[in-house]
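Below is one structure, written out as structure tokens; comments come after it.
Laboratory data are not the source of any read-out in this text; all were calculated from the coordinates shown. Since the structure is predicted, the reported quantities are computational estimates derived from the model, not experimental observations. As a convention, Cβ positions derive from the backbone with ideal geometry for all residues, glycine included, and neighbour counts pool all protein chains shown.
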Amino acid sequence: MKYRIRPKTGGITRLCGLYRIEEGLPVFVVLTREPGENIRFIHDRMPLMLPEDAAEEWIRPGACPEILAGEALTEMEYEKAAE
């Protein structure tokens, strides 16, 4: 079954990730965490998502990822998607 999932706060969904350049090409990974309680039945992991006010801090070179991860969004809304 397919679902549409978005933060309850609405707005743009911002996924946290890391990247580097290898042999001239970008290589990246999306960071994950345990899911919020209301969507745990869908999967055992979910992307690490930050609220809008933390997104700029995430990309700042001197940012502390451990502190920012504590601000991650966990409350999601979902609906079944048409198949």
Of the trypsin sites (Lys or Arg not before Pro) in the range 1-70, which ones lie in a loop per DSSP and count no more than 14 other C-beta atoms within 10 Å? LYS2, LYS8, ARG40, ARG45
GLY17's amide H: which non-local residues (gap 5+, or another chain) put their own amide H closer than 5 Å, with H modeled 1.01 Å from N in plane and none for Pro or chain starts? LEU31
Candidates PRO65, PRO47, PRO26; GNM for the chain (alpha-carbon contacts under 10 Å) flags as most fluctuating PRO26
Given the DSSP H assignment, sum -39500 (n - 2.57) over each helix run of at least 4 residues in the chain and divide by its residue total; what's the result at 222 nm in deg cm²/dmol, nearest 500? -3500 deg cm²/dmol
Could you pull out every residue, at least 5 positions away or on a different chain, whose amide H is within less than 5 Å of the one on TYR3? Hs are placed 1.01 Å off N in the peptide plane, and Pro or chain starts have none. ALA81
Can you list the residues, at least 5 places off or on another chain, whose amide H is less than 5 Å from the amide H of GLU77, using H built in the peptide plane? ARG6, LYS8
So the label point goes 7 Å from the Cα of ALA55 along Cα→C-beta, right? Which residues of the range 61-83 then have their backbone N under 20 Å from it? 61-78
Can you tell me the relative contact order of the chain? Whole percent, Cα pairs under 8 Å, sequence separation 6 or more. 41 percent
Per residue, the convex hull volume that the Cα atoms of the chain enclose (Å³): 131 Å³
The answer for GluC sites (Glu not before Pro) in the range 13-76 that fall in a DSSP coil and have at most 15 neighbouring Cβ atoms within 10 Å is GLU23, GLU71, GLU75
Hey, what do the phi angles of the range 44-53 turn into as Karplus ³J(HN,Hα) couplings, whole Hz, using 6.51/-1.76/1.60 and θ = phi - 60°, x for Gly and Pro? 8, 9, 8, x, 6, 10, 10, x, 3, 6
Mind checking the dipole of the chain: about its Cα centre, +1 per Lys or Arg Cβ, -1 per Asp or Glu Cβ, Debye to the nearest 20? 260 debye
